[in-house]
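Colleague: This is the structure I want to talk about, given as structure tokens.
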């Protein structure tokens, strides 16, 4: 198996792993982290494609590589804004829940009486 | 199996293992540290894919700064971690999520295995025109000449993200300093490390910035290293975080983007297109833009990590 295909398949699995984390984690910080795993996977996939484009004496296509550098920086600024929003949410409400109802209260009521 | 393939395979397995750890482990702090290790491994993968410029960026920003940002937030949110995990979804949701994620992976894997051959490439076009830009590193040529508009918009995104973070400040502390400070301890190890490391880091940052014209490196990687040194100074208590209402700070922040836009407008006057460079002056204009961007990017990257203002003006 050649290098590009190997890392391309690895990137596909990274994207899947990140997507699973994004969908299942209740903690918003873990969602931001999972988004970064997805992002890294997408970047790696793009990098594998750039590696296939080796031509004209260059070991890889420089155009996607330059776009990747732009992408990594933009992904970082998005993460920084997301973390700031999350910390502000924590400051204002004292909690980081994304649910509409209080998780502790919900747990208590479900213990006390059965669901309708 | 050749040694090269064995190395790639080991690297891919380690990457998947660390990403799995970062996604699945219970403790948020452990997950973030796993993510930082993942970032370092990814840097090696970039080196294997002959993307040294990307490898440097990934090491500095993807693994380094992002990891630092997430770790800081994980520590601050430790008290509510248990409450957050109470809302974990049920088994059915997990199975559905695994099915969705698995099918995305399968689709992508199918796409990877059926990529067109020979691969389309813009490398010949870059090789043909790189002489006009007078820089030797093709990635820098793409970033600052062929696709300079992307880079301009990227710096604007950074400024916008910074403004977004500043605007999250409470009204009472608007214009104040970010709450990013640690008690000053002149005998502490952090204080000592900052005094030893910062001069070395600044030299390396400047070097990575300067060689970017002809070798892997450039303003983003250099600025990230400089920003890290600034954060170290602030963390060690040697310098306080700046007031975000400071006119000097704001001037340095917008200097890079303003020079970039001015050079672009100059291009539409002298070379007939926005961000076009007149014959023979490409290198001069590229270096001007990079020099102006370096301090702005350093400040913006540092300020993105420091977060929203927390302390009133004067404190």
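Throughout, read-outs are computed from the coordinates displayed, never taken from laboratory work. Keep in mind it's a predicted model, so treat the numbers as computed, not measured. Glycine gets a Cβ as well: all are built from the backbone with ideal geometry, and neighbour counts include every protein chain shown.
Colleague: Which whole-number percent is the relative contact order of chain B (Cα, under 8 Å, 6+ apart)?
Modeller: 20 percent
Colleague: Using label points projected 7 Å from each Cα along Cα→Cβ, tell me how many nm separate residue B:167 and residue B:125, to one decimal.
Modeller: 3.6 nm
Colleague: If each DSSP helix of 4+ residues adds -39,500 (n - 2.57) and the sum is divided by the residues in chain A, what number results at 222 nm, nearest 500 deg cm²/dmol?
Modeller: -27000 deg cm²/dmol
Colleague: Kindly identify the stretch B:22-125 as rounded, prolate or oblate by the Cα gyration tensor criterion: order the square roots of the eigenvalues as a ≥ b ≥ c, call it rounded if a/c is under 1.5, otherwise compare a/b with b/c, prolate if a/b is larger, else oblate.
Modeller: Oblate shape, in that a/c is at least 1.5 and b/c is the bigger or equal ratio.
Colleague: Express in nm, to one decimal, how much length is gained between residue B:92 and residue B:274 on full extension, taking 0.36 nm for each residue of separation and deducting their alpha carbon distance.
Modeller: Contour length minus Cα-Cα distance gives 60.1 nm.
Colleague: From zero up to wherever the largest Cα-Cα distance of chain B sits, split into 20 Å bins and tell me the percent of pairs in each.
Modeller: Taking every Cα pair in chain B, the percentages come to 25, 54, 21, 0.
Colleague: Also: For the residue pair residue B:24 and residue B:113, what label-to-label distance in nm results when each label sits 7 Å from Cα along the Cα-to-beta-carbon direction?
Modeller: Spacing of the two 7 Å Cα→Cβ label points: 2.3 nm.
Colleague: A follow-up question, please. So how do A:51-61, B:85-95 stack up, highest first, on mean other-Cβ count within 10 Å?
Modeller: Taking the mean over residues of other Cβ atoms within 10 Å, the ranking is A:51-61, B:85-95.
Colleague: Let me ask you something else. On C-alpha positions alone, give me the angle between the axis of helix A:3-24 and the longest principal axis of chain A, in degrees, nearest 10.
Modeller: 10 degrees
Colleague: Considering the Cα trace of the protein assembly as shown, what is its radius of gyration and what is Dmax, both in angstroms?
Modeller: That works out to 22.9, 80 Å for Rg and Dmax.
Colleague: On to the next question. Hey, got the average number of other protein chain Cβ atoms within 10 angstrom for residues in B:124-135?
Modeller: Averaged over the peptide's residues, the number is 2.
Colleague: Is there a simple number for the mean count of other chain Cβ atoms within 10 Å of the Cβ of residues in B:80-90, and what is it?
Modeller: The mean count of partner-chain Cβ atoms within 10 Å per residue comes to 6.
Colleague: Still on this structure, please answer the following. Can you give me the orientation-averaged projected area of the convex hull built on the Cα atoms of the stretch B:136-315, in nm²?
Modeller: Computed as one quarter of the Cα hull surface, the answer is 10.9 nm².
Colleague: Moving to a separate point now. Which of the peptides B:284-295, B:47-58, B:260-271 is most tightly packed, and how do the rest follow, going by the mean number of other Cβ atoms within 10 Å of each residue?
Modeller: Top to bottom by mean Cβ count within 10 Å: B:47-58, B:284-295, B:260-271.
Colleague: Find how much the distance from residue B:245 to residue B:262 grows on full extension, using 0.36 nm per residue of separation minus their present alpha carbon separation; answer in nm with one decimal.
Modeller: 3.6 nm
Colleague: Summarise the partner chain shielding of B:300-306 as one whole number: the mean count of Cβ atoms from other chains within 10 Å of each residue's Cβ.
Modeller: Neighbouring Cβ atoms belonging to other protein chains average 3 per residue here.
Colleague: Which value at 222 nm does chain B reach when only helices count, each DSSP H run of 4 or more adding -39,500 (n - 2.57), with the total divided by all residues and rounded to the nearest 500 deg cm²/dmol?
Modeller: Result for chain B: -22500 deg cm²/dmol, rounded to the nearest 500.
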